[in-house]
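Q: Sharing a structure, written as structure tokens. Questions coming.
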Amino acid sequence: MKSDNSQTAETASLIAELWQRHLPTLLDRMDTLDRIAQTAASTGLIDKDREEGLGISHKFAGSLGMYGYSHGSEISMQLEELFRSIPLERTDVLTPLVIELRQSVFTGKS
């Protein structure tokens, strides 16, 4: 029977491996959120981008928490709510949150 420390280390190793495997997809999705936020700030938020941003932020809200990025998960939940309800004239709030999300994920867990 494995010790608790051994199981914990094995679980951490598996999570780290999954993170590395899914990192390219995460980066692509993060870039897409950047594009959506920039486009929304300059020309407004179109329905297609709203739906795509909603889907990405929903996925991030769940998966980032699993990987230990609780602050990133919280930001993703805020983005998800904004994509659901943001008026077209309030798209300026997206870019700062997307920047904060990127920083929280790539500068350390919080």
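Q: How large is ³J(HN,Hα) for each residue in region 96-103, as worked out from phi by the Karplus curve 6.51 cos²θ - 1.76 cosθ + 1.60 (θ = phi - 60°), to whole Hz, x for Gly and Pro?
A: Those phi angles translate into x, 5, 5, 4, 4, 4, 4, 5 Hz.
Q: Any idea what the relative contact order of the chain is, in percent, if you count C-alpha pairs under 8 Å spaced at least 6 apart? Intermediate results must be reported in sequence, preceding the final value.
A: Values: 93 pairs, mean separation 31.4, N = 110.
Relative contact order, the chain: 29 percent.
Q: Of the options PRO96, LEU26, PHE83, report the single residue whose Cα projects farthest towards the positive end of the charge dipole of the chain (beta-carbon charges: Lys, Arg +1; Asp, Glu -1).
A: After comparing all options, I get LEU26.
Q: Per DSSP helix of 4 or more residues, -39500 (n - 2.57); summed, then divided by the residues of the chain. What does that give at 222 nm, rounded to the nearest 500? Before the final figure, lay out the partial values.
A: On the way: 4 runs with 89 residues, N = 110.
So the helix-based figure for the chain works out to -28500 deg cm²/dmol.
Q: Tell me which of SER6, TYR69, ILE46 sits at the most positive position along the dipole axis of the chain, charges placed on C-beta atoms (Lys, Arg +1; Asp, Glu -1).
A: Among SER6, TYR69, ILE46, the one farthest towards the positive end of the dipole of the chain is SER6.
Q: Express the Stokes-Einstein translational diffusion coefficient of the chain in µm² s⁻¹, to the nearest whole number, given a Kirkwood radius over alpha-carbon pairs, 20 °C and a viscosity of 1.002 mPa s.
A: Once the numbers are plugged in, D ends up at 146 µm²/s.
Q: Only residues of region 45-69 count here: report those whose backbone N is under 17 Å from the spot 7 Å along Cα→Cβ of TRP19, or say none.
A: Answer for this model: 60-69.
Quick note: the coordinates plus some simple rules give every number you see, no bench work behind them. What you see is a predicted model; the values in this text were computed from it and never measured. Ideal geometry is used to build each Cβ from the backbone, glycine not excepted, and the neighbour counts take in all protein chains shown.
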